[in-house]
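Here is the structure we will look at.
The values are calculated or read from the model by the stated rules, or taken from the named source; none is laboratory data. Everything numeric here is computed off the predicted structure, so don't read it as measured data. Cβ: placed from backbone, ideal geometry, glycine included. Neighbour counts: every protein chain shown.
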Amino acid sequence: MAPKVRHRISRLVCLLLFLSPLAGPRAQAAAADPEALVRAADDFRFPSGDVRFRVKVVDFKKGKQQRESEYRVLSDGKGRSLVETMKPERQKGRKLLMVQSELWFYSPDIRKPVRVSLQQKLTGEVANGDLANTNFAGDYTATVSGTEVSGGKKLTLLKLKAKSKSATYAAVDYWIDTDTGAPVRAHFLSTSGKIMKRGYFEKYGAVLGKNRLVQMKVEDAIEKSRVSVLHYSEFSREAISAATFSKESIGR
Amino acid sequence: MRSGWLVFGVHLAIFALTWSSGAQHALADVSWRLDSRFRYGLRVGEPMGLATLQHQAAMLSEGPIGDSWSFQLGARIRGDGAYTVAKHHFAELEKQDPPEVLLREANLEYRTGDWILRIGSQVFTWGEAFGSFFADVVNPKDFREAGFGEIRDLSDPVEAVNLIYAQSEWSLQAVYLPFYRANKLPYPSSDFFPLALADRFRGMTIDFDQSENPTNNDGDLGLRARVQLGAFDVAFFGFSQTDRQPIFLVTPTSLMQARIRTKSSRLQTYGGTMTWAGDRFVVRGEILKNINRTFNVLQNSLLNPLGELEGEQDIFVLGLDWPWNSGRLKGWQAGVQASYDRVSIPQVFGRRETEWSIGAQLFKDPEAGTRYKFFGALSGADGSWLFQASAMSPYGRNFEMGWETWLFGGERDSQFGSLKKSSRVMWVIKGVFSG
């Protein structure tokens, strides 16, 4: 074998050796379409398509439990969702209908759907948008920003940028587990690029035949002692008609 | 009588379906909510004294019956002890407006695909404005407190067949109401009976008969279409109806006695509503035209001061509201609204030919903590005004307690000044229970 050819082969071997640790999912993460990574991460958060589930939100301040609320969420995974408050009792029956960027609020106190501004997506200790948004891939464009190691895990950092005003946040820094593709943590950013909230995807469990998110922690970036823990449960997949996401249905 | 039996039949059908053995399994998803309220109020204007001692409990239950059907069943009991305690002030009100037990929402809904059919007693919400009901034309209103109570109590459910084809971005709706239901008006000895009307009959004994007296009641028919176009949500409707707001027919029975009956005539209402939502605020608008509406007009007769005349009415409402999501006012929401209301005939009783007003509201409705609400309106036509404020603090999981005040000012014959006798401060306890 000519020395030149030998040299080329050894370079190729070196390159293969260098790349071998990435030959698994990490390599896929680096090479894969970032949008595909977000879609895969979405599937760890919520099942795709029409889905119904409950979220229990426990708010803490300085480590002390402040209050507990519970919501029932219906989502079609395509930007349409209906969030109904189940607890506390005083607010039971309140609903927020989100159809892309349009929001309607219904309260049993007034028994009338009321159009509300996009900012209402951000109200509440946990933003209404956080409760209902099952689909980052639909709301944000993604780019791979880099990789890092944290807590013994290899993470891929995705920079998500809102496609439209209908997204809850202007941008999201989204860390996913390079090996599994599961979301690990996120920084939710305002239009000025300031971190508003930090999210930690804490626990995964068996949901509709797959390992999916069952607990998430959301920390206020300014007032760090304010923490909300979201517990997801009672997932079910069933066909939800378009009429369910209409203003005419919100009162039922 | 016929309508009474039909209403009874619909209610019976709902109960039967609800409690049938086949429905028992599905009833696991049935929810209910009981709202109770106690108000102790004092008049702050002349004559001062007890204004209200009102108890109210309203129950609403709803849920699916199988896969395609669902029901809604609501009832309310209400009574005001002030009518008995302060008989000297409220005169006959104890008998005229006795404690009531009302079956309110009682309807069945059938869904197939994107079609929705609701049959029975129900509430329609077509309007977009706050504090006014111009475009909420379908349901009669309970004006016994001049329309200043809680919004959910003001629209009385009506028996209707309601067919909707709905997509999330647009919908078509057809409604048919076989029976006539009128607005409930305050009785002459109520604090909310307009002073302008009371002045007309000062010193006379009035026999006020609110029994429904429609002319040409062939049932009401309405059509509505709604579409979302970008940030705009626009709806158009037409409604052929017997006027929910009756006029007064005065029959003098002697020099010192008069009988006042109510009468309702046919009219056609055409209108549109729109909302536009931006990042930070929402714009709301309503436009309405009432054709062939019958109004009371003043006439030069000592014995019968009220005549009747047909005319047209044009109404425009434009409002803006926005929430604060940061800074010191975080959690507060504000709104302003202007309305313009013109009738085509002169000398209309109880109002001016052209009325316009500007209203503003400021409220905070947090997930936890005290709820505040302030609302003020100024009539541009006569300078009268109203101001409402409330603060309700939570007590435990189920209760809240606080105060409410309603103040009215202006000339006796003005839009809000004619209600100044009903200015009051109230201590309020509310309870919410659900399952």
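For the residues B:304, B:296, the requirement of being away from chain A (no Cβ under 14 Å), closer than 27 Å to residue B:358 by Cα and modelled with pLDDT under 95 singles out B:296.
Every listed requirement among (1) surrounded by fewer than 18 Cβ atoms within 10 Å (Cβ to Cβ); (2) within 14 Å of chain A (Cβ to nearest Cβ); (3) among the acidic types (Asp, Glu) is met by residue B:209 save one, (2). The number of residues in the range B:356-380 that are crowded, with 18+ Cβ neighbours inside 10 Å, farther than 20 Å from residue B:405 by Cα and more than 20 Å from the chain's Cα centre (by Cα) comes to 1. One residue stands out in the range B:345-355 among those that are surrounded by fewer than 16 Cβ atoms within 10 Å (Cβ to Cβ) and modelled with pLDDT of 90 or more: the one that is nearest to residue B:397 (Cα to Cα), namely B:354.
Quick one: is residue B:172 touching a Ser or Thr at 6+ places or on another chain (Cβ under 6 Å), modelled with pLDDT of 90 or more and surrounded by fewer than 17 Cβ atoms within 10 Å (Cβ to Cβ)?
no
Screening residue B:319 against (1) over 26 Å from residue B:183 (Cα atoms); (2) within 14 Å of chain A (Cβ to nearest Cβ) leaves a single unmet condition, (1).
Would you be able to say whether some residue in the range A:222-238 is modelled with pLDDT under 90, under 30 Å from residue B:62 (Cα atoms) and within 14 Å of another protein chain (Cβ to nearest Cβ)? Yes - at least one qualifying residue is present in the range A:222-238.
Scanning the range B:109-130 for residues that are of a type in the set (Gly, Ala, Ser) and either more than 9 Å from chain A (Cβ to nearest Cβ) or touching a Lys or Arg at 6+ places or on another chain (Cβ under 9 Å) (or both) yields B:120, B:121, B:127, B:129.
Among the residues that make up the range A:202-213, is at least one of them within 14 Å of another protein chain (Cβ to nearest Cβ), closer than 29 Å to residue A:64 by Cα and assigned to a strand (DSSP E or B)? Quick ask: steps written out before the conclusion?
Quick first cut of the range A:202-213, residues within 14 Å of another protein chain (Cβ to nearest Cβ) only: none.
Scanning the range A:202-213, I find no residue that is within 14 Å of another protein chain (Cβ to nearest Cβ), closer than 29 Å to residue A:64 by Cα and assigned to a strand (DSSP E or B), so the answer is no.
Where in the range A:52-169 are the strands (runs of 3 or more DSSP E), entirely inside, with at least 2 residues that are over 18 Å from the mean Cα position of the chain (by Cα) and polar (S, T, N, Q)?
Values: elements: A:64-75, A:80-87, A:95-99, A:102-107, A:112-116, A:140-150, A:153-162.
Hits in the range A:52-169: A:64-75, A:140-150.
One residue stands out in the range B:56-88 among those that are in contact with a Pro (Cβ under 9 Å, 6 or more places away or on another chain) and among the charged types (D, E, K, R): the one that is farthest from residue A:109 (Cα to Cα), namely B:80. Close contacts from the range B:230-251, counting a first residue that is of a type in the set (Val, Ile, Thr) and surrounded by fewer than 17 Cβ atoms within 10 Å (Cβ to Cβ) and a second that is part of a strand (DSSP E or B) and modelled with pLDDT of 95 or more, with Cβ to Cβ under 6 Å and a gap of 6+ residues or different chains, come to B:234/B:227; B:234/B:274. Here residue B:400 passes the criteria (1) farther than 18 Å from residue B:146 by Cα; (2) away from chain A (no Cβ under 14 Å) except the one numbered (2). Which one is surrounded by the fewest Cβ atoms within 10 Å (Cβ to Cβ) among residues in the range B:282-293 that are within 14 Å of chain A (Cβ to nearest Cβ) and touching a Phe, Trp or Tyr at 6+ places or on another chain (Cβ under 6 Å)? Checking each candidate, the answer is B:283. If you go through the range A:111-120 one residue at a time, do you hit one that is more than 8 Å from chain B (Cβ to nearest Cβ) and surrounded by 21 or more Cβ atoms within 10 Å (Cβ to Cβ)? No: the range A:111-120 contains no residue that is more than 8 Å from chain B (Cβ to nearest Cβ) and surrounded by 21 or more Cβ atoms within 10 Å (Cβ to Cβ).
Which condition from (1) in contact with a Gly (Cβ under 9 Å, 6 or more places away or on another chain); (2) within 25 Å of residue A:171 (Cα to Cα); (3) within 11 Å of another protein chain (Cβ to nearest Cβ); (4) hydrophobic (A, V, I, L, M, F, W, C) is the one that residue A:104 breaks? Going through (1) in contact with a Gly (Cβ under 9 Å, 6 or more places away or on another chain); (2) within 25 Å of residue A:171 (Cα to Cα); (3) within 11 Å of another protein chain (Cβ to nearest Cβ); (4) hydrophobic (A, V, I, L, M, F, W, C) one by one, residue A:104 breaks only (1). Test of understanding: among B:135, B:106, which residue is within 12 Å of chain A (Cβ to nearest Cβ) and either β-branched (Val, Ile, Thr) or crowded, with 17+ Cβ neighbours inside 10 Å (or both)? Checking each option against the conditions leaves just B:135.
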